[in-house]
Amino acid sequence: MPQPGTAAPPFTMAGDTGPISLADFAGKKLVLYFYPKDDTPGCTNEGKDFSALQADFDAADTVVVGVSRDSVASHAKFRAKYGLTVLLGSDPGDVTEAYGTWVEKSMYGKKYMGIERATFLIGRDGTVAQLWGKVKVPGHAAAVLDAARTLA
């Protein structure tokens, strides 16, 4: 995973509202949060939490983008079903790998590859300002907002 103080890996991916690229956010603060799957309980709550704080993130000059490997069509359905306002990026695989969030997981003794829930706060200069790994959803969006507010 890119660590605080290092350059955020560049990316371009499809989004349910159009292409999303790191270059699009030059001069702005960016929250890039990685989540495993659309329309699952934790991912839904995380998307709803970030969306509920959308106006506060806007006031902090910070854009929020959620990233999973789900399709653009899945993202559009997910957004509509829950009224999500954050951008949703559909990663074909290279973004989750560049950010170190595509990891081996284990459930009931069975190993598989999946997205580790993680969030990156990227500064106006394109460097990683803060990283949250193995995120627990309750209170997370508010903590990220606090960090975005203090970042110049």
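The values are calculated or read from the model by the stated rules, or taken from the named source; none is laboratory data. As the structure is a prediction and not an experimental result, all values here were calculated from the model. Cβ: placed from backbone, ideal geometry, glycine included. Neighbour counts: every protein chain shown. Side chains are part of the model used for accessible areas, which takes the heavy atoms of the whole protein and leaves out ligands, DNA and RNA. Shrake-Rupley method; radii C 1.70, N 1.55, O 1.52, S 1.80 Å.
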Review point. What are the residues in the stretch 73-107 that are exposed (fewer than 12 other Cβ atoms within 10 Å of the Cβ) and assigned to a strand (DSSP E or B), if any?
Key: E104, S106, M107
Study note, to complete from the structure: Checked against (1) open to solvent by 50 Å² or more (accessible area, probe 1.4 Å); (2) among the hydroxyl-bearing types (S, T, Y); (3) in contact with a helix residue (DSSP H, G or I) (Cβ under 9 Å, 6 or more places away or on another chain); (4) under 24 Å from T6 (Cα atoms), T150 satisfies every condition except (3)
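In the stretch 108-147, how many are in a loop (DSSP other than H, G, I, E, B) and more than 17 Å from A7 (Cβ to Cβ)? Quick ask: steps written out before the conclusion?
At the first step, the residues of the stretch 108-147 found to be in a loop (DSSP other than H, G, I, E, B) are 108-109, 116-117, 123-126, 133-139.
This time we only want the ones that are more than 17 Å from A7 (Cβ to Cβ), so: 108-109, 116-117, 133-139.
Within the stretch 108-147, residues that are in a loop (DSSP other than H, G, I, E, B) and more than 17 Å from A7 (Cβ to Cβ) number 11.
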Check your understanding: Counting just the residues of the stretch 6-20 that are in contact with a strand residue (DSSP E or B) (Cβ under 6 Å, 6 or more places away or on another chain) and open to solvent by less than 80 Å² (accessible area, probe 1.4 Å), which one comes out farthest from S90 (Cα to Cα)?
Key -> T6
Point to revise | Residue, surrounded by the most Cβ atoms within 10 Å (Cβ to Cβ), within the stretch 115-141, restricted to residues that are of a type in the set (G, A, S) and within 14 Å of the chain's Cα centre (by Cα) | key: A141
